[in-house]
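Any read-out appearing in this document is the output of simple, stated calculations on the displayed coordinates, not a laboratory observation. The shown structure was predicted, so the numbers you read here are calculated from the model rather than taken from an experiment. Cβ placement follows ideal geometry from the backbone for every residue including glycine, while neighbour counts extend to all protein chains displayed.
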Amino acid sequence: MARRSLITLAISVLSLFYSVCGQVISRGSCPTVLVQQDFNVDNYTGWWYEIERFPASFESGLKCNNAKYWLKQDGTIGVINSGIDIVTGEQTSIEGDAWVPDPNVPAKLKVKFRWWMPAGDYWVLKTDYDTYSVVYSCDDFIFGFIKMEYAWILSRDRTLNTGTLTDIKQDVEDRGIDISNFLFTDQTGCDAKDNILKYEPLDDDLSVIFT
């Protein structure tokens with residue numbers, strides 16, 4: 001009984017903490033989900049725009065969220081995420097690296113943005129490479145009694161066909177993921193692609209130019 005009470009208290013504290021921080025946290029363990037078969041990193045690189053996402057504190061207060069992925073000479077994947085602060089109108093960005101821990105499951109990537117932070121999961125559940133991508137991450141806490149989830153629906157353009165979006169969310173729900181957590185990402189009033197963060201990878205380095 002004491003252990004059960006302790007677990008209940010811990011869940012309540014974590015739920016309060018992460019709700020304040022703007023994360024999706026809920027009871028139960030992470031679902032077992034299938035990822036994209038025969039994932040091809042080469043085809044995945046390039047620009048992606050965020051259409052919908054689960055709440056995430058590190059994206060709070062941003063619009064026009066987008067990401068760029070490119071292959072680096074050391075075999076890792078360069079990542080840069082950017083968005084526009086809805087209050088100040090200023091652009092913010094963060095650079096990181098992604099890699100595939102297990103070559104047998106290339107759709108299960110790890111991504112890291114700060115040296116002092118642990119790497120996070122970046123699982124590509126489904127993509128056609130040309131139109132959309134669905135990304136998911138989930139961590140278990142307290143022996144699987146509680147979980148914290150992230151999810152993103154991405155598009156090669158700032159908009160995504162309504163029918164395609166509906167089909168994507170149905171597929172996500174069929175995988176045991178609660179789609180009610182998705183939030184719409186504002187991609188209106190954004191500059192054209194060529195006025196967003198510009199850069200050209202130089203070997204393993206990144207040259208960043210703000211226009």
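Put in order of Cβ neighbour count within 10 Å, fewest first, the listed residues 32, 185 become 32, 185.
Residues whose amide H lies under 5 Å from that of residue 109, counting only those 5 or more places away or on a different chain, are 122, 123, 124; hydrogens are built 1.01 Å from N in the peptide plane. Near residue 40: Cβ cut-off under 13 Å, other residues only, Lys/Arg at +1 and Asp/Glu at -1. The net charge is -4.
Length gained on full extension, residue 186 to residue 108, computed as 0.36 nm times the residue gap minus the Cα-Cα distance: 25.3 nm. Note on 183, 109, 160: ascending count of other Cβ atoms within 10 Å places them as 183, 160, 109, the fewest first. Taking other Cβ atoms within 10 Å as a rough exposure proxy, 71, 154 sort from fewest to most as 71, 154.
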